[in-house]
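For reference, the structure is listed below as structure tokens.
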Amino acid sequence: MTHTLIYPSHSRHGASGHLEIDGCDVVDLAAEFGTPLFIYEEKTLEDQCRRYQEAFRARTDDFEVIYASKAFCCLAVCQLVEREGMSIDVSSGGEYHTALASGFPTHRIFFHGNNKTEAELRYALENGVGFVVVDSFDELRLLERLAAERGEVQRVLLRITPGVEAHTHEYIQTGQLDSKFGFGLVEGQAEEAIRLALEAAHLDPIGVHAHIGSQIFELEGFRRAIAVLVDLIKRTHDSLGFDCRYVNVGGGLGIRYTESDVPVTIDEYVDCKVRGVQEEMARVGLPMPRVLVEPGRSLVGKAGITAYRVGTMKEVPGIRAYLSVDGGMSDNIRPMLYDARYEAMIADRADDELDTLVTVAGKHCESSDILIKDVMLSSPRVGDVLVLPATGAYCYAMASNYNGNPRPAVVMARDGKARVIVERETYDDLVARQLPLEGRG
Ligand code: LLP
């Protein structure tokens, strides 16, 4: 098939000419479960987890691969990641709750966020969260107070902003100096955070963290961030006696959304990070710490596709043809928010020639609700199932109910069987937590 690079690994064009995901006919799935429908391929999820772990194992035995669950957080995926022996990072009380509800061991959970609320931190401490990645001086003080109240010592990492600009969309850069995240290096802020954490009787600062951004194709920025982190580790080792046992070098590996995207491989990415830490620690003469990475997109992005039903087609003579589907910005905000580019396929005619240029529009009342501007499809018709590949990360996770659209269902496909892992919302769900005006019952 032509699209293997961006579709889940076990997808193919079946005998009927339909797209199949690990033996499940996508046109049948759309009919059975309705559309829009997110379809994940379990084996691709497993393969991606294993690729990370194998790449590490080939280079070090002291590592941890942490799934950044913000990319897609649900019970089934937390369970799959746990089955694969990985850790998880959560960025809110809600994601932490989801991980706990999935049975995820709390000691393997890392809690992130630039403004974790007191309630969230209390919830995490009550449930014995493994690590809190502290992001600010205010949080440092708050966490020390909460841990003291409980008479416990909480393990923490300090989030450092290394002052490195990643080559990616401005909205998903996080490592630059002017960032809301973490402790910057100007005027000794990062050193000061480490000093305060060392002094805090109820905090155990076991390491540092840096995440410079997302959907990154070049290794250079990662390498520079590691050098900056290790310089800080060395300085604080010498001045404060800081014993840094964990170096969390974040996530950020980009994936292929279109055929022209060429990201580095997981192996190259892990090599850069492990070797980077090894070489930098050797340079400053300190022992090798545990190396942690936090991938989100590169674990789940390729594993998921979205199936829509084509509802209307409209020709603007001499300008363009619009093809409208039954979802859009409420299930995939990425094209509107980051100018993200996707490819598409008519699942009913996966083998056919691409002969028609269209613009794929969503159903929301916004002109910006365009999923793909200009894409070639095989003779699209009303009633067809249109698929967008590589929608496994940050699509369902960022879904909304805009225009009163219930969130789609999510199914997991394996060996010709698909089962629901997130049910489709209903219209009743939309009003379930709303209350009528007084007196109107
Ligand atoms: N660690 C931290 C602290 C993060 O903030 C993130 C992503 C990750 C790890 C995982 O990064 P990844 O491996 O997925 O690149 N909604 C945007 C992406 C936002 C990323 C937020 N942080 C998008 O759809 O492109």
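Of all residues in region 48-91, those satisfying the criterion of being in a loop (DSSP other than H, G, I, E, B), under 26 Å from residue 411 (Cβ atoms) and open to solvent by 30 Å² or more (accessible area, probe 1.4 Å) are 73, 85, 91.
More than 12 Å from the ligand (Cβ to nearest atom), part of a loop (DSSP other than H, G, I, E, B) and of a type in the set (Ser, Thr, Tyr): is that true of residue 324 in this structure? Spell out the reasoning first.
On the way: more than 12 Å from the ligand (Cβ to nearest atom): yes; part of a loop (DSSP other than H, G, I, E, B): no; of a type in the set (Ser, Thr, Tyr): yes.
Answer is no for this residue.
Residue selection: residue 368 satisfies the criterion of being closer than 13 Å to residue 335 by Cα and surrounded by fewer than 16 Cβ atoms within 10 Å (Cβ to Cβ).
For region 337-362, a residue qualifies if it is open to solvent by 60 Å² or more (accessible area, probe 1.4 Å), in a loop (DSSP other than H, G, I, E, B) and either within 13 Å of residue 327 (Cα to Cα) or within 16 Å of the ligand (Cβ to nearest atom) (or both), and the qualifying residues are 339, 341. The residues of region 92-126 that are of a type outside the set (Gly, Ala, Ser), in a loop (DSSP other than H, G, I, E, B) and surrounded by 14 or more Cβ atoms within 10 Å (Cβ to Cβ), listed by number, are 104, 112, 114, 116.
Note on region 235-268: residues that are closer than 19 Å to residue 169 by Cα and either within 14 Å of the ligand (Cβ to nearest atom) or more than 26 Å from the chain's Cα centre (by Cα) (or both) total 11.
One line per residue, one yes/no per condition, for (1) assigned by TED's automatic domain parsing to the domain that holds residue 19; (2) aliphatic (A, V, I, L, M); (3) buried (at least 21 other Cβ atoms within 10 Å of the Cβ); (4) part of a strand (DSSP E or B):
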residue	(1), (2), (3), (4)
364	yes, no, no, no
374	yes, no, no, yes
379	yes, no, no, no
382	yes, yes, no, no
403	yes, no, no, no
412	yes, yes, yes, yes
419	yes, no, no, yes
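Select from region 2-47 the residues that are at positive phi and open to solvent by 20 Å² or more (accessible area, probe 1.4 Å) and list them in ascending order. Explain how you work it out, then say what you get.
As a first pass, look at region 2-47 and keep what is at positive phi: 17, 22-23, 34.
Those that are at positive phi and open to solvent by 20 Å² or more (accessible area, probe 1.4 Å): 23, 34.
Take the conditions under 22 Å from residue 47 (Cα atoms) and open to solvent by 10 Å² or more (accessible area, probe 1.4 Å) and apply them to residue 300. Does it pass? So that I can check it myself, show each step before the final result.
On the way: under 22 Å from residue 47 (Cα atoms): yes; open to solvent by 10 Å² or more (accessible area, probe 1.4 Å): no.
Here the answer is no, as residue 300 does not meet what is asked.
If the condition is being within 17 Å of residue 288 (Cα to Cα) and among the aliphatic types (A, V, I, L, M), then region 198-209 contributes 206, 208. Condition first: open to solvent by 20 Å² or more (accessible area, probe 1.4 Å) and either in a helix (DSSP H, G or I) or under 18 Å from residue 195 (Cβ atoms) (or both). Now tell me which residues in region 127-149 satisfy that. Scanning region 127-149 gives 136, 137, 138, 141, 142, 144, 145, 148, 149.
Here's the yes/no breakdown for (1) more than 17 Å from residue 164 (Cα to Cα); (2) within 13 Å of the ligand (Cβ to nearest atom); (3) not β-branched (Val, Ile, Thr):
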position: 185; (1), (2), (3): no, no, yes
position: 193; (1), (2), (3): yes, no, yes
position: 198; (1), (2), (3): yes, no, yes
position: 206; (1), (2), (3): yes, no, no
position: 209; (1), (2), (3): no, yes, yes
position: 218; (1), (2), (3): no, no, yes
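Would you point out which residue out of 102, 92 is of a type in the set (Ser, Thr, Tyr) and within 16 Å of the ligand (Cβ to nearest atom)?
Numbers: 102 fails: within 16 Å of the ligand (Cβ to nearest atom).
So the residue among 102, 92 that is of a type in the set (Ser, Thr, Tyr) and within 16 Å of the ligand (Cβ to nearest atom) is 92.
Run down 318, 311 and say which single residue is surrounded by fewer than 22 Cβ atoms within 10 Å (Cβ to Cβ) and without any contact (Cβ under 8 Å) to a residue 40 or more places away in the chain. Let's see the steps before the verdict.
Working: 311 fails: without any contact (Cβ under 8 Å) to a residue 40 or more places away in the chain.
None of the others qualify; the one that does is 318.
The values are calculated or read from the model by the stated rules, or taken from the named source; none is laboratory data. In this text, all values refer to a predicted model and were calculated from it rather than measured experimentally. Backbone-built Cβ (ideal geometry, glycine too); neighbour counts: all protein chains shown. Just so you know, the surface numbers come from the protein's heavy atoms only, side chains and all, with ligands and any DNA or RNA stripped out. Shrake-Rupley method; radii C 1.70, N 1.55, O 1.52, S 1.80 Å.
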